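Q: This is the structure, below, for whatever I ask next.
The values are calculated or read from the model by the stated rules, or taken from the named source; none is laboratory data. Being a predicted model, the structure only gives us computed values, none of them experimental. As a convention, Cβ positions derive from the backbone with ideal geometry for all residues, glycine included, and neighbour counts pool all protein chains shown. The area values use the complete protein model at the heavy-atom level, side chains included, leaving out ligands, DNA and RNA. Shrake-Rupley method; radii C 1.70, N 1.55, O 1.52, S 1.80 Å.
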Amino acid sequence: MRKLFAVVSIACITVYMSSCNQPTIAHEETTSHQSDTELSEFISKIKAVDNHNHVNSSAPNDKDYDALPLEGLGKIELPARVRPGSQQWIAAAKAVYGFTATELNEKVFKDLADTAANVINQKGEKFPEWALDQAGIEVMIANRIAMGPGRSAPRFRWVSYSDALLYPLSTKAEAAVTPDREKLFPLEDQLLKKYLADLNISKLPATLDEYLKQVVTGTLEAQKKNGCLGLKFEAAYLRSLDFENPSLQSAREVYAKNIYGGEPSHENYKLLQDFIFHYTAKEAGRMGMAIHIHSFPGAGNYFVAKGCDPLLLESVFNDPELRNTKFVIIHGGGTFYEHTSAMLWKPNVYADLSLLALVWTSEQLSAVLKDWLSQFPEKVIYGSDASAFGPGLGWEMSAWLASHTARQALTIALSGMIKSNEITLSRAKEIATMVLRTNAGKLYNLGLK
């Protein structure tokens with residue numbers, strides 16, 4: 001009898017508890033939905049800093065938007081989200097230019113290109129700022145050879161290119177490694193000549209010490225004076241990121257042996273490149289300039305993916321002489337994002353979302369953000385990799401698309417962290433502001449409020 005009573009009592013208690021819990025669950029779901037909506041609306045209004053892009057200037061036939069433009073590599077495979085037929089462009093066209101088309105075709109692209117041209121003409125010098133406003137961007141840090149007309153501070157800031165400084169010797173053997181590099185190395189040769197001309201230097205110095213002081217330091221100081229915030233290395237297109245730290249004497253010997261027309265071996269040239277890279281990074285730290293390093297597999301039919309793994313940079317990040325230099329893993333390592341997560345433990349390493357926010361869905365990107373933000377939210381920086389993708393698909397379109405995707409991904413990731421009781425709603429708002437705005441503001445001393 002006691003046993004039966006106990007069973008009945010337990011059953012009654014279970015029914016009672018179930019009836020009590022239903023309103024609680026419903027209340028929690030309502031509260032969660034309200035929290036998600038509030039967070040989404042908050043994130044949508046943050047005025048962001050775009051850490052990395054290749055925004056075009058208003059110069060006719062602008063060629064300074066990238067030191068290694070990929071158009072010269074022939075037909076390369078693009079991820080589905082940025083192909084001309086992607087539905088994502090429809091959303092961007094509607095948001096930026098008010099287009100109502102439901103599919104993209106030749107006529108729509110022509111109309112879109114005509115509309116963009118008309119808006120550019122109407123707004124004139126105000127178009128760049130107008131385009132930033134459409135994407136919710138306050139400051140765009142442009143990665144360009146030179147800024148060019150129509151892209152000026154305070155809303156446009158500059159990061160230059162430094163790979164050319166690594167290659168003072170003949171690059172004939174280096175270019176022969178892959179068909180892509182055969183087309184890219186001559187562009188670096190041209191850029192080095194430009195840097196020499198900018199310094200009024202007619203020929204390369206006879207010694208490495210003079211090259212470092214006159215050309216490398218001279219170029220960095222001149223760029224810093226012209227408002228440059230950082231230096232970009234696209235090295236993974238040209239070689240592996242496994243930069244070592246050779247001695248000055250060994251680098252001197254390679255330079256001296258080949259400066260008058262010799263053809264260095266791959267091993268010897270790598271040694272010289274490694275030394276110049278370390279010297280450049282150290283000088284950048286002295287001058288308060290960040291180092292940006294491309295890390296994303298793809299972009300080229302002969303790109304060597306394993307060479308862009310962020311783990312290859314660990315010896316650089318661990319070098320005590322470079323602790324005053326801030327490094328940003330551009331594109332967050334792409335599919336190596338878990339390796340980027342490991343590198344964020346280093347005190348001077350950051351990661352940005354550029355390209356990821358263009359070619360990955362918000363759900364894919366949210367998984368990356370969840371990993372990084374649960375550990376080092378102060379090290380994660382928004383970036384778009386905005387650039388022109390063809391007629392009607394100008395940089396303003398990809399800037400909006402990346403910004404929209406990143407904000408969606410942030411909402412998903414942070415909402416999940418709230419639901420799992422990792423953070424509060426107020427902390428989620430703080431982290432979102434850090435990623436989209438204040439982390440970059442602090443890194444570059446932008447003085448943002």
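Q: Buried (at least 20 other Cβ atoms within 10 Å of the Cβ) and farther than 21 Å from Asp64 by Cβ: which single residue out of Lys232, Lys203, Lys270 fits that description?
A: Working: Lys232 fails: farther than 21 Å from Asp64 by Cβ; Lys203 fails: buried (at least 20 other Cβ atoms within 10 Å of the Cβ).
From the options Lys232, Lys203, Lys270, the qualifying one is Lys270.
Q: Conditions first: (1) in contact (Cβ under 8 Å) with a residue 24 or more places away in the chain; (2) over 23 Å from Ser415 (Cα atoms). Lys45 passes all but one, so which condition is the exception?
A: Lys45 satisfies all of (1) in contact (Cβ under 8 Å) with a residue 24 or more places away in the chain; (2) over 23 Å from Ser415 (Cα atoms) except (2).
Q: Restricting attention to the range 128-160, report how many residues are in contact with a Ser or Thr (Cβ under 8 Å, 6 or more places away or on another chain), of a type outside the set (Gly, Ala, Ser) and more than 21 Å from Leu231 (Cβ to Cβ).
A: Looking only at that region, the number is 3.
Q: Report the residue count in the range 293-312 for those that are in contact with an Asp or Glu (Cβ under 8 Å, 6 or more places away or on another chain), under 18 Å from Ile381 (Cβ atoms) and not polar (S, T, N, Q).
A: Adding up the residues that qualify gives 1.
Q: Then there is this: Does Gly150 meet the test of being loosely packed, with under 14 Cβ neighbours inside 10 Å, in a loop (DSSP other than H, G, I, E, B) and out of contact with any Lys or Arg (no Cβ under 9 Å at 6 or more places or on another chain)? Steps first, please.
A: Details: loosely packed, with under 14 Cβ neighbours inside 10 Å: no; in a loop (DSSP other than H, G, I, E, B): yes; out of contact with any Lys or Arg (no Cβ under 9 Å at 6 or more places or on another chain): yes.
For Gly150, the condition - loosely packed, with under 14 Cβ neighbours inside 10 Å, in a loop (DSSP other than H, G, I, E, B) and out of contact with any Lys or Arg (no Cβ under 9 Å at 6 or more places or on another chain) - is not met.
Q: When you scan the range 296-312, do you find a residue that is out of contact with any strand residue (DSSP E or B) (no Cβ under 9 Å at 6 or more places or on another chain) and farther than 27 Å from Ala176 by Cβ, even just one? First the steps, then the outcome.
A: Kept after step one, since they are out of contact with any strand residue (DSSP E or B) (no Cβ under 9 Å at 6 or more places or on another chain), are these residues of the range 296-312: 297-307, 309, 311-312.
Those left that are additionally farther than 27 Å from Ala176 by Cβ: 311.
Yes; the residues of the range 296-312 include at least one that is out of contact with any strand residue (DSSP E or B) (no Cβ under 9 Å at 6 or more places or on another chain) and farther than 27 Å from Ala176 by Cβ.
Q: For residues that are in contact with a helix residue (DSSP H, G or I) (Cβ under 6 Å, 6 or more places away or on another chain) and more than 14 Å from Trp400 (Cα to Cα), tally how many sit in the range 78-95.
A: 1
Q: Please specify each residue of the range 133-147 satisfying the condition of being surrounded by fewer than 23 Cβ atoms within 10 Å (Cβ to Cβ) and not in a strand (DSSP E or B).
A: Listed by number, the residues that qualify are Asp133, Gln134, Gly136, Ile145, Ala146, Met147.
Q: Restricting to the range 235-254, name every residue that is surrounded by fewer than 18 Cβ atoms within 10 Å (Cβ to Cβ) and of a type in the set (D, E, K, R). Before you say what the answer is, go through the steps one by one.
A: Step one: filter the range 235-254 for residues surrounded by fewer than 18 Cβ atoms within 10 Å (Cβ to Cβ), giving 240, 242, 244-250, 252-253.
Across the range 235-254, the qualifying residues are Asp242, Glu244, Arg252, Glu253.
Q: Is one or more of the residues making up the range 274-285 assigned to a loop (DSSP other than H, G, I, E, B) and small (Gly, Ala, Ser)?
A: Checked the range 274-285: no residue is assigned to a loop (DSSP other than H, G, I, E, B) and small (Gly, Ala, Ser).
Q: Within the range 43-69, track down each residue that is crowded, with 17+ Cβ neighbours inside 10 Å and outside any loop (DSSP other than H, G, I, E, B).
A: Ile43, Ala48, Val49, Asp50
Q: May I ask you to list the residues in the range 81-90 that are of a type outside the set (Phe, Trp, Tyr) and touching a residue at least 24 places away in the same chain (Cβ under 8 Å)?
A: Of all residues in the range 81-90, those of a type outside the set (Phe, Trp, Tyr) come to 81-88, 90.
Within the range 81-90, Arg81, Val82, Pro84, Gln88 meet the criteria.
Q: Another question about this same structure. Pick from the range 378-391 the residues that are touching a residue at least 60 places away in the same chain (Cβ under 8 Å) and open to solvent by less than 10 Å² (accessible area, probe 1.4 Å): which of them is farthest from Val435 (Cα to Cα)?
A: Residues of the range 378-391 that are touching a residue at least 60 places away in the same chain (Cβ under 8 Å), as a first pass: 378-379, 381-391.
Narrowing further to those that are open to solvent by less than 10 Å² (accessible area, probe 1.4 Å): 381-384, 386.
Details: Ile381: 5, Tyr382: 6, Gly383: 10, Ser384: 13, Ala386: 17 Å.
Looking at residues that are touching a residue at least 60 places away in the same chain (Cβ under 8 Å) and open to solvent by less than 10 Å² (accessible area, probe 1.4 Å), I get Ala386.
Q: If you don't mind, another one. Among Val316, Val359, Val349, Val304, which is surrounded by fewer than 20 Cβ atoms within 10 Å (Cβ to Cβ) and either among the β-branched types (Val, Ile, Thr) or modelled with pLDDT under 95 (or both)? Full working, then the answer.
A: On the way: Val316 fails: surrounded by fewer than 20 Cβ atoms within 10 Å (Cβ to Cβ); Val359 fails: surrounded by fewer than 20 Cβ atoms within 10 Å (Cβ to Cβ); Val349 fails: surrounded by fewer than 20 Cβ atoms within 10 Å (Cβ to Cβ).
Of Val316, Val359, Val349, Val304, the one residue that is surrounded by fewer than 20 Cβ atoms within 10 Å (Cβ to Cβ) and either among the β-branched types (Val, Ile, Thr) or modelled with pLDDT under 95 (or both) is Val304.
Q: Restricting to the range 202-234, name every residue that is without any contact (Cβ under 8 Å) to a residue 12 or more places away in the chain and within 25 Å of the chain's Cα centre (by Cα).
A: Lys225
Here is a yes/no grid of residues against (1) at pLDDT below 95; (2) farther than 17 Å from Ala95 by Cα; (3) outside any helix (DSSP H, G or I); (4) within 15 Å of the chain's Cα centre (by Cα):
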{"site": "Ala406", "(1), (2), (3), (4)": "no, no, no, yes"}
{"site": "Ala413", "(1), (2), (3), (4)": "no, yes, no, no"}
{"site": "Asn421", "(1), (2), (3), (4)": "no, yes, yes, no"}
{"site": "Ala428", "(1), (2), (3), (4)": "no, yes, no, no"}
{"site": "Val435", "(1), (2), (3), (4)": "no, yes, no, yes"}
{"site": "Ala440", "(1), (2), (3), (4)": "no, yes, no, yes"}
{"site": "Lys449", "(1), (2), (3), (4)": "yes, yes, yes, no"}
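Q: Can you tell me which residue within the range 305-351, out of those that are aliphatic (A, V, I, L, M) and free of Cβ contacts under 8 Å to residues at least 40 places away in the same chain, is nearest to His294 (Cα to Cα)?
A: Per the stated criteria, the residue is Ile329.
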